[in-house]
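Worksheet: one structure, shown below.
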Amino acid sequence: MNAWRLAQQLVRIDSSNPGAQEDTIERYIKLLVEQRVSSMPACLVKHISIKEIEVFPARRNLNVTIAGYGSAPNLVYICHMDTVTLGEGWSTDTPTLGATVRENRLYGRGACDMKGGLACALSALFSLMDAMEHTGTQPERGFSLICTVDEEANMRGVEAAIDAGWVGTDEWVLDTEPTDNQIQVAHKGRTWFELDIKGVTAHASQPWEGADAVAATAEAISHIRRSIEALPHHADWAPRPLPLAWFKADTNPTLSRMHAPRGSICDWYLRQPRRRRK
Ligand SMILES: [Zn+2]
């Protein structure tokens, strides 16, 4: 099956998260790999390992590794198998899981992010298996395909893959997420922290008795924002303001006339900066 057909097959499998999640698609990919491996001679099969980690019940990471005979670190493809929710508003001509092809474009949930890329990575694996059969030997550099769960939520899949030692700092990692057909060498990364700022309630007639958690949070946000923007910028990325994703102040309705909320929460993420050069 070529990458194009493979992408269609993967789109037809619901792996929405939250939703059907990754049980069926992981079984499908594993079966494809096992079928391919079963037709290879034993002298080559011994270089291939298939491993799984159950990250959550019925949600498994999959790792297919072909050992190399050289000492160089492996080339590792990492792909996530889940998609965002199926969502509303799909046209009847291009249904969510229909994998419809129109004018050489594939339509369906996950076609772009990232079942197209996952199909390409699987094709690379199968091409390497073809090359092994052709030459009768293992490759010089090892190769791994790691398929993960939970990318669209909390990234527990890739964390489990790292914890299991499936990938380390020496490997060459290629991620086939959509990047407008341009190779991207930098990523915004992720740091989550939680600030919990509590105010002190006071009667509206005595505001000086209170402490305003919203004002304190605003000051903290401004300070963090300035500090981050003062950091050195990556050569390939333009600096960009950091938007606040959401902000929630917790007020007590029975004290609605008090100007000082009891606490506030903000969720802040750093958007991918605008590309400076192509
Ligand atoms: Zn993705």
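Scan the stretch 18-58 for residues that are among the polar types (S, T, N, Q) and touching a Lys or Arg at 6+ places or on another chain (Cβ under 9 Å) and jot them down. Within the stretch 18-58, just Gln21 meets the criteria. Within the stretch 98-156, the set of residues being under 19 Å from Val76 (Cβ atoms), aliphatic (A, V, I, L, M) and within 16 Å of the ligand (Cβ to nearest atom) comprises Met114, Leu118, Ala119, Ala121, Leu122, Leu145, Ile146, Val149, Met155. Filtered by the rule that a residue be of a type in the set (A, V, I, L, M) and in contact (Cβ under 8 Å) with a residue 40 or more places away in the chain, the stretch 20-47 gives Ile25, Ile29, Leu32, Val33, Val37, Met40, Leu44. Taken over the stretch 110-169, the residue count meeting the criterion of being of a type in the set (A, V, I, L, M, F, W, C), out of contact with any helix residue (DSSP H, G or I) (no Cβ under 8 Å at 6 or more places or on another chain) and within 26 Å of Asn2 (Cα to Cα) is 6. Looking only at the stretch 24-63, which residues are in a strand (DSSP E or B) and under 19 Å from the mean Cα position of the chain (by Cα)? Scanning the stretch 24-63 gives Glu52, Ile53, Glu54, Val55, Phe56, Arg59, Arg60, Asn61, Leu62, Asn63. Here Glu194 does not qualify as within 16 Å of the ligand (Cβ to nearest atom), of a type outside the set (Phe, Trp, Tyr) and not in a strand (DSSP E or B). Within the stretch 72-97, the residues that satisfy the criterion of being closer than 19 Å to Trp4 by Cα and either in contact with a Leu (Cβ under 6 Å, 6 or more places away or on another chain) or away from the ligand (no atom under 16 Å from the Cβ) (or both) are Tyr77, Cys79, Thr94, Pro95, Thr96, Leu97. For the stretch 149-171, give me each residue that is under 14 Å from the mean Cα position of the chain (by Cα) and in a loop (DSSP other than H, G, I, E, B). The answer is Val149, Asp150, Glu151, Glu152, Ala153, Asn154, Met155.
Annotation note: Cβ proximity below 7 Å between a residue of the stretch 108-120 that is at positive phi and a residue that is aliphatic (A, V, I, L, M) and at pLDDT 95 or above (sequence gap 6+ or interchain) occurs for Gly108/Val11; Gly108/Leu97; Gly108/Ala99; Gly110/Val11.
Would you confirm, using the coordinates I've provided, whether Asp130 is charged (D, E, K, R) and part of a loop (DSSP other than H, G, I, E, B)?
Answer is no for this residue.
The set of residues in the stretch 51-97 being under 30 Å from Ala131 (Cα atoms) and among the hydrophobic types (A, V, I, L, M, F, W, C) consists of Ile53, Leu62, Val64, Ile66, Ala67, Ala72, Leu75, Val76, Ile78, Cys79, Met81.
The values are calculated or read from the model by the stated rules, or taken from the named source; none is laboratory data. Nothing here was measured: the structure is a model prediction, and the numbers come from that model. Cβ sites come from the backbone with ideal geometry, for glycine too, and all protein chains shown count toward neighbours.
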